[in-house]
Amino acid sequence: METAEKILEKILTLAAAHFKVPREKLSPDDDFFKTLGIDSLQTLDLLTKLENHFQVELPDYELQGVSDFRALAGKIQARL
């Protein structure tokens, strides 16, 4: 099983590439809505990409209130 830190780093790298921002501008505790300047539809697009990458399904009810990369990594790790 991958460690939480490895999952977190992959999420940050994928998000940076997907939204064309420098990876170093993203940190684990950043609110991805604010840092990336994205709306809920763009967030769903990112979540779909992450689900495909990690081959997991993240139910909507589990993601309520999740808005930072570290919490998202924890949700993904719990599904692996």
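Some notes on this structure:
- Only residues that are of a type outside the set (Val, Ile, Thr) and either within 14 Å of ARG70 (Cα to Cα) or in contact with a Gly (Cβ under 7 Å, 6 or more places away or on another chain) (or both) were counted across the stretch 15-46, and they come to 9.
- Scanning the stretch 35-59 for residues that are closer than 18 Å to GLN77 by Cβ and of a type in the set (D, E, K, R) returns LYS49, GLU51, GLU57.
- Complete set of residues in the stretch 6-44 that are free of Cβ contacts under 8 Å to residues at least 24 places away in the same chain and of a type in the set (D, E, K, R): LYS6, GLU9, LYS20, ARG23, GLU24, LYS25, LYS34, ASP39
- Reported count of residues in the stretch 20-44, each being small (Gly, Ala, Ser) and at positive phi, is 1.
- Within the stretch 38-68, tally of residues that are assigned to a helix (DSSP H, G or I) and either at pLDDT 95 or above or not aromatic (Phe, Trp, Tyr) (or both): 18
- Among residues of the stretch 48-67, those that are in contact (Cβ under 8 Å) with a residue 24 or more places away in the chain and either more than 12 Å from the chain's Cα centre (by Cα) or surrounded by fewer than 17 Cβ atoms within 10 Å (Cβ to Cβ) (or both), counted: 4
The values are calculated or read from the model by the stated rules, or taken from the named source; none is laboratory data. Everything numeric here is computed off the predicted structure, so don't read it as measured data. Cβ atoms come from the backbone with ideal geometry, glycine included; neighbour counts cover every protein chain shown.
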